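Single-structure report; data block below.
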Amino acid sequence: MTITEERPAPVKTSSGQSAGVRSAFSGRLASVIVVVITLLWTLPTFGLLVTSFRPKEAAQTTGWWTVFSDTIGHLFNSATALPAFTFDNYQQIFFSSNFGSSSGLTPYLFNSLIITIPATIFPIMFASMAAYALAWIPFRGNNFVFFSIFALQIVPLQMSLIPLLLTFKAIGINNSYAAVWAAHTMFALPLAIFLLHNFIAALPRDLIEAARVDGASHFVIFRRIVLPLSTPALASFAIFQFLWVWNDLLVAITFSPKTSEVMPITGRLAQLSGSLGNNLAVLTAGAFIAIVVPLIVFFSLQRYFVRGLLAGSVKG
């Protein structure tokens, strides 16, 4: 009688499971899903662009997709009229006085830039210094401070608007750029410190200790070592913060009311949706102008964005 030895079934290792996950997400089905999702996200923006070039009457009565059906119909039947396009909507946006300014929405576009650029730089500057201190400067209560800052992320932004508004009125900076900068900076700091702390804490310890042995101060280490190595993480958060501040409406209408000269373009477009709601084409032109700048920023910093998302996934 022969005895057969039963061998246990092979157990998948974590590396094998990771390889299976990677192959699943890099297959044809995953590529098709990504393409479909991308088209669904891009379709409304494309419709906004098409509507912004249509005359007022056409935009009010028919959908933007009829442009293509009318064009196809004209190819097969010359009696069908081609869809009309015009630049009058953009001319009104930049030169009409119906928007509260002799130069259209241009001042509000510049207001958005004046608000967004400092409101992106300030939280990155403060958060990077705080993240370095919490990661590499030991002191009593270090972990308590870090987790307290992390816990601030669960506080709803709306709860702090009224206290901040009263505080800014008391110190005399309400209805100014400083009020909007301070509000956006304070709202961004908890998340910024948390993200940058995780990245800075993962930097090679040998490199930091070698700099200390050479007599480098914390400021020198931060400026010459930490900041250059943290560029991907800083750029990634800068993109998030820039897009958040640029597209913000709640903080804009809270700290820059209707009579304020610091109102960004999002606040002005929200006002015009009521007074010019019957002029859909002009509003879509203004909305498309408002999303051009974030698109330029995102695509110009896309390589840093990807590097920042992948940073820290591989140690070393």
For MET159 and LEU207, what is the calculated FRET efficiency with R₀ set at 30 Å and r taken between the beta-carbons, to the nearest 0.05?
0.15
Could you rank the peptides 83-95, 207-219 by their average count of other C-beta atoms within 10 Å per residue, with the highest value first?
83-95, 207-219
Mind checking the log10 I(q)/I(0) for the stretch 29-86 at q = 0.20, 0.29 Å⁻¹? Debye, one equal scatterer per Cα, no solvent, two decimals.
-0.78, -1.10
What nm distance separates the two modelled labels at ALA84 and PHE147, each placed 7 Å from Cα along Cα→Cβ?
6.7 nm
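We did not get these values from a lab; they are worked out from the coordinates using the rules stated. The structure displayed is predicted, hence computed values, not measured ones. Glycine gets a Cβ as well: all are built from the backbone with ideal geometry, and neighbour counts include every protein chain shown.
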